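No value in this document is a laboratory result; all are computed from the given coordinates. It should be emphasised that the depicted structure is a prediction, and the values quoted were computed from it without experimental measurement. Ideal geometry is used to build each Cβ from the backbone, glycine not excepted, and the neighbour counts take in all protein chains shown.
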Amino acid sequence: MTSIVIPAHNEARVIGRLLDSLVADSADGETDIVVVCNGCTDDTARIAATHGPRVRVVEIPTPSKHAALRAGDDHARGFPRLYVDADVVLTAADVRALVEPLNDDTSDILATAPERRIPLTGCGWRVRAYYRVWQRLPAVREGLFGRGVIAVSKAGHARIAALPPLMADDLAASLAFAPGERLVVGGAGVVVHPPRTWRDLMKRRVRAAVSTAQVEQHQEPEEASARTSVADLKALVRRDPRLFPSVVVFVAAAVAARRASRKAIRAQDFGTWLRDESSRQN
């Protein structure tokens with residue numbers, strides 16, 4: 001049985017759309033869904049509980065994604081296992097596509113993730129420009145991070161369970177697997193709702209800058225990095241010169257986020273979660 005662990009902190013506005021999508025067209029006994037409400041002060045638990053016996057709700061008092069993931073592991077029943085952010089949308093068919101390579105005993109694949117679908121309608125022009133570049137970056141296209149979903153085999157789970165608690169848990173999980181051990185599954189897709197405003201985009205980028213710095217503190221110098229290089233951006237513009245204005249916006253966002261993250265990094269503040277609420281609007 002495939003287990004799906006969904007950490008959820010005050011996700012009443014979006015948890016229903018994810019669970020509706022997962023439960024629809026799935027057979028009884030096909031998936032084991034565990035929603036871990038961590039430190040919730042809204043109706044997340046009540047809404048999740050309305051989705052029938054295939055959805056089990058676990059409540060913990062601590063508002064911590066890492067604690068929620070571990071609690072989910074304690075209650076999950078099977079493998080392969082998916083970890084899914086509450087604010088994305090994933091279907092039962094996508095789940096089947098993600099676990100198929102993990103059920104192949106002859107494969108070296110230990111972790112999979114779906115292709116991203118980022119609906120940019122309603123977003124500000126600078127946000128659209130940013131994502132026009134971001135989605136084309138090699139590390140973003142090839143890595144498992146930034147998708148809100150990662151699926152692992154039992155052996156893959158052992159790999160990520162050994163990781164320390166980190167803000168960028170998806171980035172750390174992606175870097176824990178060599179390119180030959182991870183796979184972005186073309187037959188699976190996840191809808192990742194982007195921030196709608198520049199201000200909310202900057203919240204995400206500052207959080208990403210801080211969390212990336214934390215991941216790098218736990219890495220050896222020779223280990224892989226997901227940072228964007230100047231060479232990556234130059235290569236994009238060479239292939240498509242029309243991207244140049246969007247690259248300017250991308251660089252402006254990166255510079256601003258790096259500056260804004262310095263104080264938190266110096267203070268080793270890796271617990272302040274800058275949350276984008278605009279992506280959770282209906």
*For residue 234, which lysines qualify as cross-link partners when the Cα separation must be under 28 Å and same-chain residues fewer than eight apart are set aside?*
203
*FRET efficiency for residue 115 and residue 161, Cβ-Cβ distance as r, R0 = 41 Å, nearest 0.05?*
0.95
*asked:* Helix-only estimate, please: 222 nm mean residue ellipticity of the chain, summing -39500 (n - 2.57) across DSSP H runs of length 4 or more and dividing by its residues, to the nearest 500.
replied: -12500 deg cm²/dmol
*On a C-alpha basis, how far is the centre of the stretch 172-191 from the centre of the stretch 30-49 in Å? Whole number, if you could?*
26 Å
*So what is the relative contact order for the chain, in percent, with contacts set as C-alpha pairs under 8 Å and at least six apart?*
20 percent
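Please identify the longest segment of the chain free of exposed trypsin sites (Lys or Arg not before Pro), where exposed means a DSSP state other than H, G, I, E or B and no more than 12 other Cβ atoms within 10 Å. Show your work: numbers first, answer last.
Working: sites that count: 77, 227.
That gives 78-226 as the longest site-free run.
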*the stretch 169-282: radius of gyration and largest Cα-Cα distance (Dmax), Å*: 15.9, 43
*List the cysteines of the chain that have no other Cys Cβ closer than 4.7 Å: which are they?*
123
*the stretch 16-172, relative contact order [Cα under 8 Å, separation at least 6], %*: 24 percent
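Cut-off is 10 Å between beta-carbons; in what order do 218, 9 appear when sorted fewest neighbours first?
Details: 218 12, 9 20.
Lowest to highest Cβ neighbour count: 218, 9.
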*How much length, in nm to one decimal, is gained on full extension between residue 1 and residue 238, taken as 0.36 nm per residue of separation minus their Cα-Cα distance?*
80.6 nm
_the stretch 230-282-the stretch 101-132 distance, computed between alpha-carbon centres (Å)_ = 17 Å
_If you split all Cα-Cα distances of the stretch 79-277 into 5 Å bins from zero, what percentages do you get per bin, shortest first?_
1, 7, 15, 18, 20, 18, 12, 7, 2, 0
